[in-house]
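Before any comments, here is the structure.
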Amino acid sequence: ELIVVGAGSHIGVVKNYCVKYKWIKYLGAKKNQEKINLISLAKVMLNPGAVGLGVLDSFVCQVPLATTDCGLHGPEIVYLENHVNGLMSKNSLPEYVSCVVDLLKDDAALARLRNGCAEGAKKYTVKNMATNFIDGLKLCAAEVPFR
């Protein structure tokens, strides 16, 4: 079963596929706990386009994110470590599909990526972000001003 969550310019295409294939379900845009509950049901979170903060949802839910090297990602893409806590294939549909299918067939790889997600969730926290920000400000304040 494929559950599609989100909104965007291709919703018509998704809805047409839902009519054609009963194993695809479109649920629209979801937020907060409802979104987390849906992600937690998945084996893999598919996002072949631009990735942003959704990579953190992947970590918290321990559901590996699979994306492509499309060049459209937000800065958060640096959190994704290929084959450690998620997957990034070449920017081609056949390559992406092959990577996702291979992962779904490999329970050990899926478990390894889930563990990587759990480690990412520990590392990328609001507390750590705030601490890093404050440490950065302290370093800047300690520098000799430019003249």
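Just a few scattered comments:
- Pair Val13, Ala142: separation of 7 Å Cα→Cβ label points (nm): 5.1 nm
- Surface exposure of the chain, expressed per residue as accessible area with a 1.4 Å probe, stands at 68 Å².
- Ordering Thr67, Thr125 by accessible surface, largest first, gives Thr125, Thr67; the 1.4 Å probe counts only protein heavy atoms, with every chain in place.
- Stretching the chain fully between Lys122 and Ala42 yields a gain of 26.8 nm (0.36 nm per residue, less the alpha carbon separation).
- Leu104 accessible area, assembled protein chains, probe 1.4 Å, Å²: 80 Å²
- Among the listed pairs Lys35/Lys127; Lys25/Lys105; Lys30/Lys105, a Cα-Cα separation exceeding 24 Å is found for Lys30/Lys105.
- Segment 1-137, accessible surface, carbon-and-sulfur percent (1.4 angstrom probe): 60 percent
The values are calculated or read from the model by the stated rules, or taken from the named source; none is laboratory data. Just so it is clear, the structure is predicted and the values come from calculations on it, not from any experiment. Positions of Cβ are generated from backbone atoms using ideal geometry, with glycine treated the same way; all protein chains shown enter the neighbour counts. We work out accessible area using only protein heavy atoms, side chains counted, and drop any ligands, DNA or RNA first. Shrake-Rupley method; radii C 1.70, N 1.55, O 1.52, S 1.80 Å.
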